[in-house]
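Undergrad: Structure provided below as structure tokens; questions to follow.
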Amino acid sequence: SSDLLAVLAHPDDESLGFGGTLATYASRGVHVAQVTATRGERGRLGALRPGEPGHPGTAALAAIRTEELERAAATLGIADLTVLDYPDGALDTVAAPGAIARIRDEIRRVRPDVVVTFGPDGASDCAWRQSDHDGHALSLHQRSCGAHLKTVCAELCRETQRTPLLRG
């Protein structure tokens, strides 16, 4: 059987980013797993920004976003969901060695055949692009994926005697 792992910054990145790809592979019998760095607690609720009247606050929004993420994962066929609980809007302040180790541990646990994530420019080709997506994706990619992902994949390939296919 095949395994695919998506490594993403926020709840909703799986749906808005490449939900169709994840759903397609899940429907073909691929075991799809996802690691999401944050719970999206510092985002908007509709048009309401944090601190505005009617916004539920960070703790309540984290619970809302987590429930939305779990429902989206079920709809897309994501069988294995992990949230790392890093602070939303502040991934660039997370210590790189710790973040790299946690994502490496998830890759080792899942042992995917394919890992997907946003590139270092974030969601630059998407109409819904927002500047915070670029910063989070860039931080997540540079600190936790990039060269480190290649290193982890190479280690796993040696352990499992697979041949890596790495691009980028």
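Undergrad: Kindly sort VAL115, VAL110 by accessible area of their heavy atoms, largest first, with the probe set to 1.4 Å. Intermediate results must be reported in sequence, preceding the final value.
TA: Values: VAL115 40, VAL110 15 Å².
Correct descending sequence by accessible area is VAL115, VAL110.
Undergrad: Counting only residues 5 or more places away or on other chains, whose amide H sits under 5 Å from the amide H of GLU41 once H atoms are built in the peptide plane?
TA: HN-HN under 5 Å from GLU41: ASP88.
Undergrad: Report GLU70's accessible area, 1.4 Å probe, all protein chains in place, as a number in Å² to the nearest 10.
TA: 100
Undergrad: Follow-up. Taking the C-alpha atoms of region 69-111, how large are the radius of gyration and the largest Cα-Cα span, Dmax, in Å?
TA: Just the Cα atoms of region 69-111 yield Rg and Dmax of 12.5, 33 Å.
Undergrad: Could you quote the convex hull projected area for region 27-73, Cα atoms only and averaged over all directions, in nm²?
TA: Over all viewing directions, region 27-73 projects a mean Cα-hull area of 4.0 nm².
Undergrad: In nm, give the distance between the simple-model label positions of GLU52 and VAL114, each being 7 Å from the Cα along the Cα-to-Cβ direction.
TA: 3.8
Undergrad: Still on this structure: Taking every pair of distinct Cα atoms and averaging 1/r, then inverting, what Kirkwood hydrodynamic radius in Å comes out for region 34-122? The partial results should precede the final answer.
TA: Working: mean 1/r = 0.0682 Å⁻¹.
Hydrodynamic radius (Kirkwood, Cα only) of region 34-122 equals 14.7 Å.
The values are calculated or read from the model by the stated rules, or taken from the named source; none is laboratory data. What you see is a predicted model; the values in this text were computed from it and never measured. So basically every Cβ, Gly included, is an ideal-geometry build from the backbone, and we count neighbours across all protein chains shown. Accessible surface areas use protein heavy atoms only, side chains included; no ligands, DNA or RNA. Shrake-Rupley method; radii C 1.70, N 1.55, O 1.52, S 1.80 Å.
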